[in-house]
Amino acid sequence: MTAQASPAYLQEMIALAKHAMENAYAPYSKFHVGCCLRSATGHFYTGANVENAAYPSSQCAEASALGNLITAGDRVITDVVVLSGEVEHCPPCGNCRQKLSEFITPDTKIHFCTPTHWLETHSVYSLLPYMFKHHLR
Ligand code: THU
């Protein structure tokens with residue numbers, strides 16, 4: 001998907017993701033990530049990365065936000081904002097793309113942002129071609 005005009009709520013999502021990023025627990029990588037998800041019900045859910053001394057036990061910001069969205073009872077993601085304080089482009093890792101894919105629609109948008117502004121927008125389908133989806137639903 002090519003870059004698109006940004007929706008009106010995107011700047012709010014960026015501010016929320018930045019606030020989450022500032023609460024990241026990342027003493028090992030020192031790489032702080034924030035995420036904001038928007039659900040189909042119009043609610044916003046944020047998350048930060050949560051690292052652990054046992055490095056593989058660390059959790060990405062997207063997973064933190066997804067846990068909050070699911071716990072609140074939402075199921076459908078319309079928009080994803082991911083950003084980091086350390087790099088300009090912070091695309092979601094492959095594992096998070098798969099995690100998000102469970103709760104997307106063909107219209108779900110992944111916005112690459114900095115802590116202050118939008119950069120570009122992609123679909124999950126373009127970021128994760130041939131994604132594995134369960135077909136029992
Ligand atoms: N990280 C995320 O939070 N999201 C991603 O999509 C990529 C990586 C975190 C994990 C770890 O705490 C730090 O960034 C460095 O990899």
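The values are calculated or read from the model by the stated rules, or taken from the named source; none is laboratory data. Here the structure is a predicted model, which is why all the values come from computation and not from measurement. Heads up, the Cβs are rebuilt from the backbone with ideal geometry, glycines too, and the neighbour counts pull from every protein chain shown. When the accessible area is computed, the model is the full protein with side chains, heavy atoms only, and any ligands, DNA or RNA have been set aside. Shrake-Rupley method; radii C 1.70, N 1.55, O 1.52, S 1.80 Å.
Points to keep in mind about this one:
- Residues of segment 96-137 with an amide N closer than 14 Å to a point placed 7 Å from the Cα of Ala15 along the Cα-to-Cβ direction: 116-117.
- Accessible area (Å², 1.4 Å probe, nearest 10) - Phe31: 70
- Per-residue SASA remark: Ser101, around 0 Å² accessible (1.4 Å probe; ligands, DNA and RNA not included).
- When Thr78, Thr121 are compared by accessible area of protein heavy atoms, the largest-first order is Thr78, Thr121, using a 1.4 Å probe.
- Accessible surface of Glu102 - all protein chains present, 1.4 Å probe, nearest 10 Å²: 80
- Partner lysines for Lys30 [C-alpha distance under 17 Å; skip if fewer than 8 residues away on the same chain]: Lys18
- When you work out D = kT/(6 pi eta Rh) for the chain at 4 °C and 1.567 mPa s, using the Kirkwood radius from C-alpha pairs as Rh and the Stokes-Einstein form, the result is 88 µm²/s.
- Computed over protein heavy atoms with a 1.4 Å probe, the accessible surface of the chain works out to 53 Å² per residue.
- Rolling a 1.4 angstrom probe over the chain with all protein chains present gives an accessible area of which 58% lies on carbon and sulfur atoms.
- Whole-number percent relative contact order across the chain, with pairs defined as alpha carbons under 8 Å at least 6 apart: 24
- Legend: residues Cys93, Cys35, sorted from most to least accessible area (1.4 Å probe; ligands, DNA and RNA excluded), read Cys93, Cys35.
- Label positions at Thr116 and Gln98, each projected 7 Å from the Cα along the C-beta direction, are separated by 3.7 nm.
- Net lengthening on full extension, Glu88/Tyr125 (0.36 nm per residue, minus Cα-Cα): 11.1 nm
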